[in-house]
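Okay, here's the structure, questions in a sec.
The values are calculated or read from the model by the stated rules, or taken from the named source; none is laboratory data. Just so it is clear, the structure is predicted and the values come from calculations on it, not from any experiment. No Cβ is skipped: glycine too gets one built from the backbone with ideal geometry, and neighbour counts run over all protein chains shown.
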Amino acid sequence: MAGYHVPPLEGLVEKFESLPGIGHKSAQRLAYHILDLSKGEAESFANAILEAHEKIHYCSVCCNLTDGELCPVCRNSARDKSTICVVEEPKDVFALERAGEYTAQYHVLHGAISPLSGIGPDQLRIKELLARIDGSVNEVIMATNPTVEGEATAMYLSRLLKPLGVKVTRLAYGIPVGGDLEYADEVTLQRAMEGRQEL
């Protein structure tokens, strides 16, 4: 079997393997699944990828993904315009929306400051965020990830925003519901202690 090569299949496996979180075995399973599809189903799958790539772009206000001029959140006049929640990626907006508690605006940076990866402030959607601070915004919530890069990004933005007269807050991070203290790392415990609230 060492000499058994099917270049189109290997190419398909390589494409799936290049996706985040997909290892070689998963890539093979996906490739074989695609081969099991009918020609019509395979074309439909390929067309969905092309259509998403062609039609989806950044919202002109918050830089989230949309197929229109504005994303659904920015289009919604019932959303509170005085608060902006800053996140790293569009998937973070989806996660917060799924929780159903937040009813204001978002701003998507499309990454975090990471000098080791060559990502500086200029590669992020920071200018667009600053352009939104116009007197009607009272609070900016930093909801970047609790990583070194996320913390650095939050601190950088905080230094830019505070002189503009807005309150800058950070999401509280801590012990997950249903979690045990003994399994939490030191940083999580420190965050939980800092983010404590009165009962």
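Looking at this structure, is LEU12 surrounded by 14 or more Cβ atoms within 10 Å (Cβ to Cβ) and over 16 Å from the mean Cα position of the chain (by Cα)?
Working: surrounded by 14 or more Cβ atoms within 10 Å (Cβ to Cβ): yes; over 16 Å from the mean Cα position of the chain (by Cα): yes.
Considered against the rule, which asks whether it is surrounded by 14 or more Cβ atoms within 10 Å (Cβ to Cβ) and over 16 Å from the mean Cα position of the chain (by Cα), LEU12 comes out as yes.
Quick one: would you say ILE22 is more than 29 Å from GLN105 (Cα to Cα), of a type outside the set (Lys, Arg), in contact with a helix residue (DSSP H, G or I) (Cβ under 7 Å, 6 or more places away or on another chain) and part of a loop (DSSP other than H, G, I, E, B)?
Working: more than 29 Å from GLN105 (Cα to Cα): yes; of a type outside the set (Lys, Arg): yes; in contact with a helix residue (DSSP H, G or I) (Cβ under 7 Å, 6 or more places away or on another chain): yes; part of a loop (DSSP other than H, G, I, E, B): yes.
Considered against the rule, which asks whether it is more than 29 Å from GLN105 (Cα to Cα), of a type outside the set (Lys, Arg), in contact with a helix residue (DSSP H, G or I) (Cβ under 7 Å, 6 or more places away or on another chain) and part of a loop (DSSP other than H, G, I, E, B), ILE22 comes out as yes.
Out of (1) modelled with pLDDT of 95 or more; (2) within 30 Å of VAL168 (Cβ to Cβ), what's the single condition that is false for GLY40?
All conditions are met except number (2).
Kindly indicate whether any position in region 154-161 is in contact with a helix residue (DSSP H, G or I) (Cβ under 9 Å, 6 or more places away or on another chain) and under 23 Å from HIS57 (Cα atoms). Spell out the reasoning first.
Here is the first cut: in region 154-161, the residues in contact with a helix residue (DSSP H, G or I) (Cβ under 9 Å, 6 or more places away or on another chain) are 156-157, 160-161.
Those left that are additionally under 23 Å from HIS57 (Cα atoms): none.
Within region 154-161, none of the residues are in contact with a helix residue (DSSP H, G or I) (Cβ under 9 Å, 6 or more places away or on another chain) and under 23 Å from HIS57 (Cα atoms).
Do you know which residues across region 123-137 are surrounded by fewer than 15 Cβ atoms within 10 Å (Cβ to Cβ) and within 23 Å of GLU101 (Cβ to Cβ)?
The one that is surrounded by fewer than 15 Cβ atoms within 10 Å (Cβ to Cβ) and within 23 Å of GLU101 (Cβ to Cβ): SER136.
If you scan region 148-166, which residues turn out to be touching a residue at least 12 places away in the same chain (Cβ under 8 Å) and either assigned to a helix (DSSP H, G or I) or not assigned by TED's automatic domain parsing to the domain that holds ALA112 (or both)?
GLU149, GLY150, ALA152, THR153, ALA154, TYR156, LEU157, SER158, LEU160, LEU161, LEU164, listed by residue number.
When the residues of region 91-112 are filtered to those that are hydrophobic (A, V, I, L, M, F, W, C) and out of contact with any Phe, Trp or Tyr (no Cβ under 6 Å at 6 or more places or on another chain), which remaining residue is surrounded by the most Cβ atoms within 10 Å (Cβ to Cβ)?
Our first condition is that a residue be hydrophobic (A, V, I, L, M, F, W, C); within region 91-112, this holds for 93-96, 99, 104, 108-109, 112.
Imposing the further condition that a residue be out of contact with any Phe, Trp or Tyr (no Cβ under 6 Å at 6 or more places or on another chain) reduces the set to 94-95, 99, 104, 108-109, 112.
Numbers: PHE94: 12, ALA95: 11, ALA99: 7, ALA104: 15, VAL108: 25, LEU109: 23, ALA112: 22.
Of everything passing the filter in region 91-112, VAL108 is surrounded by the most Cβ atoms within 10 Å (Cβ to Cβ).
What is the number of the single condition among (1) surrounded by 11 or more Cβ atoms within 10 Å (Cβ to Cβ); (2) over 20 Å from PHE94 (Cβ atoms) that LEU50 does not meet?
(1)
Related question: Can you tell me which residue in region 112-132 is modelled with the lowest pLDDT, limited to those that are over 26 Å from ASP80 (Cβ atoms) and part of a loop (DSSP other than H, G, I, E, B)? Steps first, answer last, please.
Taking region 112-132 and keeping what is over 26 Å from ASP80 (Cβ atoms), we get 113-123.
If we keep only those that are part of a loop (DSSP other than H, G, I, E, B) as well, we get 113, 118, 120.
Working: ILE113: 95, GLY118: 90, GLY120: 93.
Among those that are over 26 Å from ASP80 (Cβ atoms) and part of a loop (DSSP other than H, G, I, E, B), it is GLY118.
If I ask for residues that are surrounded by 11 or more Cβ atoms within 10 Å (Cβ to Cβ) and over 26 Å from LYS167 (Cβ atoms), which ones from region 53-68 would you list? Lay out the reasoning, then the answer.
So the first thing to find is which residues in region 53-68 are surrounded by 11 or more Cβ atoms within 10 Å (Cβ to Cβ), and the list is 56-68.
Across region 53-68, the qualifying residues are ILE56, HIS57, TYR58, LEU65, THR66, ASP67, GLY68.
Scanning region 69-90 for residues that are surrounded by fewer than 17 Cβ atoms within 10 Å (Cβ to Cβ) and of a type in the set (A, V, I, L, M), which turns out nearest to GLN123 (Cα to Cα)?
Quick first cut of region 69-90, residues surrounded by fewer than 17 Cβ atoms within 10 Å (Cβ to Cβ) only: 69-70, 72, 75-82.
Then keep just the ones that are of a type in the set (A, V, I, L, M); that gives 70, 78.
On the way: LEU70: 22, ALA78: 31 Å.
Looking at residues that are surrounded by fewer than 17 Cβ atoms within 10 Å (Cβ to Cβ) and of a type in the set (A, V, I, L, M), I get LEU70.
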